[in-house]
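Beneath this line is the structure, given in structure tokens, with notes to follow.
The values are calculated or read from the model by the stated rules, or taken from the named source; none is laboratory data. Everything quoted here is computed from the prediction, not taken from an experiment. Neighbour counts are summed over all protein chains in view; Cβ atoms, including those assigned to glycine, are modelled from backbone coordinates with ideal geometry. Quick note on the areas: whole protein, heavy atoms, side chains included, nothing else; ligands and nucleic acids left out. Shrake-Rupley method; radii C 1.70, N 1.55, O 1.52, S 1.80 Å.
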Amino acid sequence: MAYILVLDQGTTSSRATVYNEKGEKIALEQQEFEQYYPKPGWWEQDPMDIVNTVITTSKTALKKAGVKAEDVDAVGITNQRETTVIWDKETGVPVHNAIVWGCRRTADICKDLIADTRSPMVNEKTGLVIDATYSASKIRWLFENVEGLKERADKGELLFGTIDTWLIYNLTNKKVHATDYSNASRTMLFNVKKGEWDKDLLEYVGVPEGILPVVKPSVGYFGDTDASIYGAPIKITGVAGDQHAALFGQACFDDGDAKNTYGTSNVPMMYIGNNPIQSDKGLLSLAWEMDDEISYCMGASILTTGSAVQWLRDKVHIINNAAESEEMAKSVEDTMGVYFVPAFSGLAAPHWDMDARGMIIGLTAGVTDAHIARATLESIAYQTRDLIDEIEKESGVKLKVLKVDGGATVNNYLLQFQADILNCVVERPTDIETTSLGAAYMAGLGVGVWKSTDELKAIWKCDKRFTPQMDEETREELYAGWKRAVAFSRGWLDPNKKLDY
Ligand code: ADP
């Protein structure tokens, strides 16, 4: 039997999972770690906590599985993306806490970057729209705010890494300074079309090339874990950022295969093959690099989805627990014409309206809490369609299947409505921990446990398939109502906005 150890380093916790050669989970261990918020909008983590929780959980997972390091064929790594660490090349000691992806301290740096006449090249080269999320502005902030750092970086005394790189460096006992294509693509310094660090971008942001890791294929050999960690060296052969790994773990290998993660937010992504298209809206992503080919996907985050269900539970007390939303939705025939646009913090892709605010519209005297619960679930599906429609339009690729994961996918009503409103099959796998599974698939391919993505498609197991049941007329009528509701919610924060609906 072959075994694969996956290290899934997430934003709030580190998880380690042991898989067998059938892609089945044998053991899992998870540990949360401390988050630091030194000022409003700032967010940090201790890089040593990250390494320590990864090592502790993975040792425990191996023990629980009863598997020795000698019997593990490969390690796969997947991680929170963009989070930035800089450390001393000699000692390996970080020069600052990790600056987490969601930290907003570099908003002003981003404004400066946008004001620079060279800024249009960012979207062309990286597929991204300039934002504080990506590593580039975080590196620049460290240079501008930590005494002597830029000089040390210029002298070649420092190394930079996203979390994958930081883990590989520590797991290989400082021997390997590398990242994979998917993580590199989230730094805003990587040319996703050419597949290399971009000299123009480095100059524009002010980053010396010497601190950057070597970029390796997501599926392939990165190095060996140091024997002192698990008792024997293990090859690291698969690395990808969390969303990329989830797409891989859903076996989305054909144009039009998509995944959608239903958590606090939703993250839909569609595989579009080897041609990067130009997306001004920042929907293009590099998916991974494998067999000398870069694959691309398109997607973005939908800000408020599962959190709207939490709002029903915690703020307006319409439900006692998330699962109740399903019973309530099914207890009524429709929403009685009610739409809920949960734009609590504006609307992201494809609407990009940060002045929009949440709105429940279409209320009449007969409307009950059940109708509102139903409208809340439906809003998750409608928002997903908004984004998928935009992706189809920009890419010219038609959605083939939507494979789902995340906490809210236990809700069958939601998934059936999703299939209906998209007019597309929705599939829920037996293992919804697809991020870890994707890293296992990658590492297994990298070491030869599996030979091809076709083999992975065969072991990917569907738990439940939802096929569209709604007639075309109803679907388009409902969706047209949603679009009108969105139009009404737009620009709410702007008192001068013309009401031109
Ligand atoms: P995250 O990883 O973003 O923290 P999870 O994948 O754990 O999120 O999913 C949790 C989210 O799913 C919560 O926002 C919750 O409201 C929602 N959720 C959980 N169960 C259900 C359900 N049965 N119906 C609808 N939403 C649900």
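Could you grab the relative contact order for segment 3-243? Cα pairs under 8 Å, six or more apart, rounded to a whole percent.
RCO, segment 3-243: 20 percent.
Pairs of alpha-carbon atoms within less than 8 angstrom and 6+ residues apart define the contacts here; what relative contact order does segment 346-403 have, in percent?
Relative contact order, segment 346-403: 24 percent.
Taking only protein heavy atoms and a 1.4 Å probe, what accessible area per residue, in Å², does segment 3-243 have with all protein chains in place?
For segment 3-243, the solvent-accessible area averages 38 Å² per residue.
Could you tell me which helices of the chain pass both thresholds, a Cα extent of 18 Å or more along their own axis and a mean Kyte-Doolittle hydropathy of at least 1.0, with helices taken as whole DSSP H runs?
434-447
Excluding ligands, DNA and RNA, what is the solvent-accessible area per residue of segment 259-401 at a probe of 1.4 Å, expressed in Å²?
39 Å²
Under 11 Å from the 7 Å Cα→Cβ point of M470, by amide nitrogen: which residues of segment 313-335?
Only 335 pass the distance filter.
Given 5 Å bins starting at zero, what is the percent of C-alpha pairs of segment 1-40 in each, up to the one with the largest pair distance?
Calculated P(r), rounded to whole percents: 6, 22, 22, 16, 12, 9, 5, 4, 3, 1, 0.
Quick check on segment 3-243: what does the Kirkwood estimate of hydrodynamic radius come out to from the alpha carbon pairs, in Å?
18.2 Å
Relative contact order (percent) for the chain, with alpha-carbon contacts under 8 angstrom and 6 or more residues of separation?
15 percent
Rg to Rh ratio, the chain, alpha-carbon atoms and Kirkwood radius?
For the chain, the value is 0.97.
Search the structure for amide H atoms under 5 Å from the amide H of N173, placed 1.01 Å from N in the peptide plane, and list their residues when 5 or more places away or on another chain.
Amide H to amide H, under 5 Å and 5 or more residues apart or across chains, N173 pairs with D226.
At a 1.4 Å probe, what is the % contribution of carbon and sulfur to the accessible area of segment 3-243?
48 percent
Where the only charges are on Cβ atoms (+1 Lys, Arg; -1 Asp, Glu), what is the dipole of segment 234-372 about its Cα centre, to the nearest 20 debye?
460 debye
Express the carbon and sulfur contribution to the solvent-accessible surface of segment 415-501 as a percent, rounded to the nearest whole number, probe 1.4 angstrom.
Ligands and nucleic acids excluded, carbon and sulfur reach 49 percent.
Return the long-range amide H neighbours of G220 (sequence gap of 5 or more, or a different chain), with a cut-off of under 5 Å between placed amide H atoms.
Those lying under 5 Å, H to H, from G220 are G238, V239, G446.
Roughly speaking, what is the centre-to-centre gap between segment 376-424 and segment 36-88 when only Cα atoms are used, to the nearest Å?
Taking the Cα centre of each part, segment 376-424 and segment 36-88 sit 32 Å apart.
Compute the normalised compactness of segment 1-128: alpha-carbon radius of gyration over 2.2 N^0.38 Å, N being the residue count.
1.34
At 0.36 nm per residue, minus the direct Cα-Cα distance, what do D454 and T117 gain on full extension? Give it in nm, one decimal, please.
So the extension gain works out to 116.7 nm.
How high is the FRET efficiency from E34 to K63, r the C-beta distance, R0 25 Å, rounded to 0.05?
With R0 = 25 Å, the Cβ-Cβ based efficiency is 0.55.
Hey, if we sort D389, D154 by accessible area with the 1.4 Å probe, largest down, what's the order?
Putting D389, D154 in descending order of accessible area: D154, D389.
Is there a pair in K403/K451; K25/K59; K400/K483; K193/K259; K39/K59; K315/K393 whose C-alpha atoms are over 27 Å apart, and which pairs would that be?
K39/K59; K315/K393
Give the share of C-alpha pairs in each 10 angstrom bin for segment 377-501, from 0 to the last occupied bin, in whole percents, shortest bins first.
11, 32, 30, 18, 7, 2, 0
Starting from the Cα of E327, step 7 Å along the direction of its Cβ; do the same at D280; then give the gap between the two resulting points in nm.
About 5.0 nm, to one decimal.
Could you pull out the GluC sites (Glu not before Pro) across segment 316-345 that fall in loop regions by DSSP (anything but H, G, I, E, B) with no more than 13 other Cβ atoms inside 10 Å?
Here the sparse-neighbourhood loop sites are E333.
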